[in-house]
Amino acid sequence: MRLLFKNGYFYLLLVVFGGSSWVLDHYYKKASLSNTIAMSVFMIIMISCLFLFTWKVKTPVISVKEPMRETVLFLVYFAVWLIVNLAFWEVFFNKHIFFSNGVSFWVMLVVIPWLMLRRRGYGLSDVGLTTSSLLGNLRAAILSGACFGGIMLFTTPGGKYLLGLKTSAGELTGGLITSLVIAFLFAGFHEEFFFRFILQSRLSQALNSKISGLMVTTLIFSIYHLPFRLFDTSYSGDFVHALAVCFTEGVFGGLILGFLWMRTNHLIAPVFVHSVIDAISGYQAIIEKYHFW
């Protein structure tokens, strides 16, 4: 805790989060001080729970050969990805799922970065997907996912919609599995692979601090959502609104998932929790969009 309060990036994150919340409240009437405080308290409680769930998890060592050089390389790569998506989201990526999820996400955030790592001599044992301490990480993933899933049921529109459904057990199970698979394919894996394994692990070593790596990666993870918030909301084209939403929602999710990575150095927990959060919070939108019933 002492290291946290001595970390300059922590205060930068607080300023960005608080400033974005103020902008949404003052100019768009979409947030309030009470909501911001509630989110902050909730975040502290959940991180405390995650700390307990990962208490005895053995973390594999993530070997980064050239932390500073690789950090700069992937930050530049991400900047290029962001510029390309902002420039072509409406005219290209948003036209079809193959371009957005297939090309923009899986090809550009998983396949190409993985090929870059393979060229530098990395293997699966360096990716946080090892069988080492698998059972401990699986237990942490299930406990964390169940905890977040239960909370999402009562606090998000998708969860409340799910609770109010009058369907059979089979339909409900099928819908949940479908939603979870789609959440995994559309966000869970590629976002955790790129932002946690690639960026956070390298930033932590380049900055010689896991806390600094967590804070900076959370800021970058927030900015990553800019194309979606800028073009796919009722405030389409409003850059200030999009950025403010990114730095409120993104900071919350980025800290939770980044903390899980920091505690485990294994992708299974953050990927599973990320997928559960998106599957339940976005349940209604996912089921209606893909016409499950």
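The values are calculated or read from the model by the stated rules, or taken from the named source; none is laboratory data. Everything quoted here is computed from the prediction, not taken from an experiment. Neighbour counts are summed over all protein chains in view; Cβ atoms, including those assigned to glycine, are modelled from backbone coordinates with ideal geometry.
Points worth noting:
- Scan of region 227-240 for residues that are of a type outside the set (A, V, I, L, M), surrounded by fewer than 21 Cβ atoms within 10 Å (Cβ to Cβ) and closer than 22 Å to residue 35 by Cα, ordered by number: 233, 234, 235
- Residues that are without any contact (Cβ under 8 Å) to a residue 12 or more places away in the chain and of a type outside the set (A, V, I, L, M) were ranked within region 93-113; the one that is farthest from residue 186 (Cα to Cα) is 95.
- Any hit, region 228-251, residues being of a type in the set (Phe, Trp, Tyr), within 27 Å of residue 143 (Cβ to Cβ) and in contact with a helix residue (DSSP H, G or I) (Cβ under 7 Å, 6 or more places away or on another chain): no
- Residues in region 230-238 include none that are among the polar types (S, T, N, Q), farther than 27 Å from residue 92 by Cβ and either out of contact with any Gly (no Cβ under 8 Å at 6 or more places or on another chain) or assigned to a helix (DSSP H, G or I) (or both).
- Condition met for residue 7 (out of contact with any His (no Cβ under 8 Å at 6 or more places or on another chain), farther than 20 Å from residue 215 by Cα and polar (S, T, N, Q)): no
Residue-wise test of (1) assigned to a helix (DSSP H, G or I); (2) at pLDDT 90 or above; (3) over 19 Å from residue 272 (Cα atoms).
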| position | (1), (2), (3) |
| --- | --- |
| 38 | yes, no, yes |
| 43 | yes, no, no |
| 49 | yes, yes, no |
| 58 | no, no, no |
| 61 | no, no, yes |
| 94 | yes, no, yes |
| 102 | yes, no, yes |
| 108 | yes, yes, yes |
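- In summary, residue 86 fulfils each of the numbered conditions (1) part of a loop (DSSP other than H, G, I, E, B); (2) touching a helix residue (DSSP H, G or I) at 6+ places or on another chain (Cβ under 6 Å) with the single exception of condition (1).
- Taking (1) at pLDDT 90 or above; (2) over 19 Å from residue 214 (Cα atoms); (3) β-branched (Val, Ile, Thr); (4) surrounded by 15 or more Cβ atoms within 10 Å (Cβ to Cβ) in turn, residue 80 satisfies each apart from (4).
- Single unsatisfied condition, residue 223 versus (1) crowded, with 18+ Cβ neighbours inside 10 Å; (2) outside any loop (DSSP other than H, G, I, E, B): (1)
- Whichever residue in region 142-163 is polar (S, T, N, Q) and in a helix (DSSP H, G or I) and, among such residues, is farthest from the chain's Cα centre (by Cα): 155
- Checked against (1) over 17 Å from the mean Cα position of the chain (by Cα); (2) within 30 Å of residue 73 (Cβ to Cβ); (3) modelled with pLDDT under 90; (4) surrounded by 14 or more Cβ atoms within 10 Å (Cβ to Cβ), residue 113 meets all criteria but (3).
Conditions (1) buried (at least 17 other Cβ atoms within 10 Å of the Cβ); (2) of a type in the set (Val, Ile, Thr); (3) in contact (Cβ under 8 Å) with a residue 40 or more places away in the chain; (4) assigned to a helix (DSSP H, G or I), marked per residue:
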site: 165; (1), (2), (3), (4): no, no, no, no
site: 175; (1), (2), (3), (4): yes, no, yes, yes
site: 185; (1), (2), (3), (4): no, no, yes, yes
site: 188; (1), (2), (3), (4): yes, no, yes, yes
site: 200; (1), (2), (3), (4): yes, no, yes, yes
site: 204; (1), (2), (3), (4): yes, no, yes, yes
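- Within region 53-84, tally of residues that are among the small types (Gly, Ala, Ser) and farther than 13 Å from residue 204 by Cα: 1
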